[in-house]
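Taking it in order: structure first as structure tokens, then the write-up.
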Amino acid sequence: MDLGALNGLFAIPGHLHFEAGQGGLTKAVVDNPLATCELYFHGAHVTAYHPKGFEETLWLSDAAIFTEDKAIRGGIPLCWPWFGPHPSDAALPQHGFARNSFWTLFGTSVNGRGETVLRLGLQDSDATRSLFSREFMLEYVVTVGSTLTLELTTTNRGSEPFEITEALHSYFRVTSIEETVIEGFADKTYRDKTDGGSQKCQIGAVVVTEETDRVYDDADPSCCLRCADRMIEIAKFGSAHTVVWNPWQEKAAAMGDFDDDGYRHMVCIEAANTGEGGIILNPDASHTLTQRILPFL
Ligand code: TA6
């Protein structure tokens, strides 16, 4: 659909319009009285969220690549229908294919709280079935206000049960990683992927002083990212795990789309259901993974 038709059908004056973004990829631009936000149809990828009166909440790499065959580095990539490497076929794309697919805009609206709501979908196709031989409907609802709410709903449209793993792979912007702590994981067990996946127990707040790649067994609804003079509450629902990741200097430098000192200004906190606790969906069943981002200082 061209931009003219898209704006004619779905733009909302005072809230939302559509334009060509980086790499010529189509993006939704939200600018309402509560916040601004950008979302690319490529990967249904939120790349910016800036509640009014606060700073930009998400980190986006200065070296991010905006092409249809690559996930955008930063913002909120969608990892689905598997998280990390494919469990049995290393040739398949890391983190699945949702973040590299072109999503369809189903609808836009303003809710009773004056928030802008975008509803996008991805349905199985020959392309997806070549990677994941299941019939599904994936719906993503993004609600933009003084809180950013992300709801990713999987529905099994086939006749057999299937299992997924997934994550809302949110990259948060921090003033400096050295001044950053993440509260809410004390006494929780986690698997340390930088140490062979060994199981450990979190003592106190999470601080990042080296490559960090942890999967917390954490069904609790919220944690708090605190950096210098900023605080963000990160809540979640329908998620058995929270992933905390920072590649640190060497791994960041090895990624062409990750600016070299970017690791000092970001940390990923991801609502997830990872390999050890995938979601099994029977025919016609649905599951929703939700993350809610609330900057409050
Ligand atoms: O969420 C953490 C993680 O699984 C890390 O192991 C690292 O691979 C990161 O995701 C980024 O993955 P990507 O494929 O986006 O480079």
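Computed 3J(HN,Hα) for segment 230-238, one whole-Hz value per residue from the Karplus formula 6.51 cos²θ - 1.76 cosθ + 1.60 where θ = phi - 60°, is 10, 9, 10, 8, 10, 9, 7, 9, x, glycine and proline marked x. Using Cβ point charges alone (K and R +1, D and E -1), the dipole size of the chain about the Cα centre works out to roughly 520 debye. Normalised Debye scattering of the chain at q = 0.12, 0.14, 0.15 Å⁻¹ gives log10 I(q)/I(0) of -0.76, -1.06, -1.23, counting only Cα atoms as equal scatterers and leaving out solvent. Taking a straight line from the alpha carbon of LYS188, these lysines sit under 22 Å away, with near neighbours fewer than eight places off in the same chain left out: LYS200, LYS236. Please work out whether segment 233-297 counts as rounded, prolate or oblate from its C-alpha gyration tensor, where a ≥ b ≥ c are the square roots of the eigenvalues and a/c under 1.5 means rounded, while otherwise a/b larger than b/c means prolate and anything else oblate? Verdict is oblate for segment 233-297. Put a plus charge on the Cβ of each Lys and Arg, a minus charge on the Cβ of each Asp and Glu, and nothing anywhere else: the dipole of segment 120-220 about its Cα centre is then about 180 debye. Once you order the gyration tensor axes a ≥ b ≥ c over the Cα atoms, which shape class does segment 50-128 get: rounded for a/c under 1.5, otherwise prolate or oblate by comparing a/b with b/c? Judged from the Cα gyration tensor, segment 50-128 comes out oblate (a/c at least 1.5, b/c at or above a/b). Remark: THR242, THR104, THR212, THR155 ranked as THR104, THR155, THR212, THR242, counting other beta-carbon atoms within 10 Å and listing the fewest first.
Here ASP126 and ASN282 are evaluated by their C-beta separation; at R0 = 25 Å the FRET efficiency comes out at 0.55. Taking the helices alone, the chain has a mean residue ellipticity at 222 nm of -1500 deg cm²/dmol, built from -39,500 (n - 2.57) per DSSP H run of at least 4 residues and averaged over all its residues. 3J(HN,Hα) along segment 101-118: 9, 8, 8, 9, 7, 8, x, 9, 6, 10, 8, x, 9, x, 8, 8, 10, 10 Hz, from the Karplus curve 6.51 cos²θ - 1.76 cosθ + 1.60 with θ = phi - 60°, whole Hz, x for Gly and Pro. For the Cα trace of segment 77-163, dividing Rg by the Kirkwood Rh returns an Rg/Rh value of 1.03.
Coordinate range of the alpha-carbon atoms in segment 111-246 per principal axis, descending: 46, 44, 23 Å.
Taken about its Cα centre, segment 139-297 carries a charge dipole of roughly 300 debye when the Cβ of each Lys and Arg holds +1 and the Cβ of each Asp and Glu holds -1. Projecting the Cα atoms of SER130, ILE182, PHE162 onto the dipole axis of the chain, where Lys and Arg carry +1 and Asp and Glu carry -1 at the beta carbon, places PHE162 farthest toward the positive end.
Cα centroid separation, segment 151-185 to segment 52-113: 10 Å.
Each value in this text was obtained by applying a stated rule to the coordinates, not by laboratory testing. Since the model is a prediction, treat every value here as computed from it, not as a measurement. We place every Cβ from the backbone using ideal geometry, glycine too, and count neighbours over all the protein chains shown.
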